Amino acid sequence: EPEVTQTPSHQVTQMGQEVILRCVPISNHLYFYWYRQILGQKVEFLVSFYNNEISEKSEIFDDQFSVERPDGSNFTLKIRSTKLEDSAMYFCASSEAGAYTEAFFGQGTRLTVV
Amino acid sequence: RKEVEQDPGPFNVPEGATVAFNCTYSNSASQSFFWYRQDCRKEPKLLMSVYSSGNEDGRFTAQLNRASQYISLLIRDSKLSDSATYLCVVKGGSYIPTFGRGTSLIVHP
């Protein structure tokens, strides 16, 4: 069964450092998403990506964040200068086009900023 | 007003019980609705889509009430393995899945 894969599963970084979280969406999917979940809190939307550009972003997705699809398979989230409050689980998801299609999630990257 | 609202629980039920969760959404233009399950520190996994006519999958039944803007999930004959957080997810015109905060279910022997 096709699945979304994310690497690394856990990353520890020092405050102020840049991190890149990587995702390989399901191959025939057209919409890609990043979400984050701070421990004990809800799953929050960060950004969606369609047709090689950002289609929507939330208030959380400020200038510190960027996304890229560097090739035909990878989808990355970069945080330029990490803060302690960026510590969270980051989930990548993908879906087929259309309003009625479900999103499939990767297993997540746990980011710990120290 | 929050876009998708759920009672966080926890709902603490014995094995074999029937339990129901509700979820309300604020955007009347929302187009599609889903229930996901999330185990501790894991990714959300699709449990079932919710159709206007209602749908059933084994012990799970989902209903949609567009007029009142709520979705429900009924779990019959609860198993220990049903213990998890159940996430209500709504998709609007922008195709962005929006999550409720989840309802925690604990099934005990």
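Put a plus charge on the Cβ of each Lys and Arg, a minus charge on the Cβ of each Asp and Glu, and nothing anywhere else: the dipole of the protein assembly as shown about its Cα centre is then about 300 debye. Ligands, DNA and RNA excluded, the heavy atoms of B:ARG41 present near 130 Å² of accessible surface to a 1.4 Å solvent probe. Comparing the full protein assembly with the isolated chain, the residues of the stretch B:31-68 losing at least 30 square angstrom of accessible surface (1.4 Å probe) are B:GLN31, B:PHE34, B:TYR36, B:GLN38, B:ARG41, B:GLU43, B:PRO44, B:LEU46. Of all beta bridges that DSSP places with both ends in chain A, some 90 percent have antiparallel geometry. In vacuo Debye scattering of the stretch A:13-114, one point per C-alpha: log10 I(q)/I(0) at q = 0.11 Å⁻¹? One equal scatterer on each Cα of the stretch A:13-114 leads to -0.31. For the residues A:GLU18, A:GLU59, A:GLU44, a GNM of chain A with alpha-carbon springs under 10 Å puts the largest fluctuation on A:GLU59. Counting lysine pairs in the protein assembly as shown whose alpha carbons fall under 26 angstrom apart, excluding pairs fewer than 8 residues apart on the same chain, gives 25. Ligands, DNA and RNA left out, the 1.4 Å accessible surface of the stretch A:41-113 is 43% carbon and sulfur atoms.
Going from the chain on its own to the full set of protein chains, the stretch B:82-101 has these residues losing 50 Å² or more of accessible surface (heavy atoms, 1.4 Å probe, no ligands, DNA or RNA): B:LYS91, B:TYR95, B:ILE96, B:PRO97, B:PHE99. Within the full protein context, the accessible area of A:HIS10 is estimated at about 100 Å² for a probe radius of 1.4 Å. Site pair B:ASN22 and A:GLU59 shows an inter-label distance of 2.8 nm when each label is modelled 7 Å from Cα along Cα→Cβ. Semi-axes of the equivalent ellipsoid for the stretch A:74-114, computed as √(5λ) from the eigenvalues of its C-alpha gyration tensor and ordered from largest down, come to 26, 11, 8 Å. Solvent-accessible surface of the stretch B:1-106, averaged per residue with a 1.4 angstrom probe and all protein chains in place: 47 square angstrom. In this structure chain A gives 50 Å² per residue of accessible area when probed at 1.4 Å with all protein chains present. By the Kirkwood approach, averaging reciprocal distances over each pair of separate Cα atoms, the stretch B:56-109 gets a hydrodynamic radius of 12.8 Å. Note on surface exposure: A:SER95, B:SER81 rank B:SER81, A:SER95 by accessible area, highest first, 1.4 Å probe. The fraction of all Cα pairs in the protein assembly as shown landing in successive 10 Å bins from 0 to the largest distance is 8, 33, 35, 19, 5, 0, given as whole percents.
List the accessible area buried at the contact between B and A, summed over both sides and calculated with a 1.4 Å probe, in Å² to the nearest 100. Approximately 1900 Å², summed over both chains. At a threshold of 40 Å², the residues of the stretch A:87-102 that become less accessible to a 1.4 Å probe in the full protein assembly than in their chain on its own are A:ALA99, A:TYR100, A:GLU102. Along its first, second and third principal axes, ordered by size, the stretch A:1-53 spans 36, 27, 22 Å in Cα coordinates. Applying a 4.7 Å cutoff between beta carbons, the unpaired cysteines of the protein assembly as shown are B:CYS40. Computed about its Cα centre, the charge dipole of chain B is approximately 240 debye, with only Lys, Arg, Asp and Glu carrying charge at their Cβ. With an 8 Å Cα cut-off and a minimum separation of 6 or more residues, compute the relative contact order for chain A in percent. It rounds to 38 percent for chain A. What separates the Cα centres of the stretch B:54-109 and the stretch A:58-101 is a distance of 26 Å. Placing pseudo-labels 7 Å out from each Cα toward the beta carbon at A:VAL24 and A:SER66 gives an inter-label distance of 2.5 nm. Each Cα pair under 8 Å and six or more residues apart adds its separation to the average, and for chain B the resulting relative contact order is 38 percent.
The shape of chain B can be summarised by an equivalent ellipsoid whose semi-axes, obtained from the alpha carbon gyration tensor, come to 23, 14, 12 Å from longest to shortest.
Exposure check, 1.4 Å probe, all protein chains in place: A:THR76 carries approximately 20 Å² of accessible surface.
The values are calculated or read from the model by the stated rules, or taken from the named source; none is laboratory data. Since we're looking at a predicted model, the values are computed, not measured. Don't worry about glycine lacking a Cβ; one is built from the backbone with ideal geometry, like all the others, and counts go over all protein chains shown. Heavy atoms of the whole protein, side chains included, go into the accessibility calculation; ligands, DNA and RNA do not. Shrake-Rupley method; radii C 1.70, N 1.55, O 1.52, S 1.80 Å.
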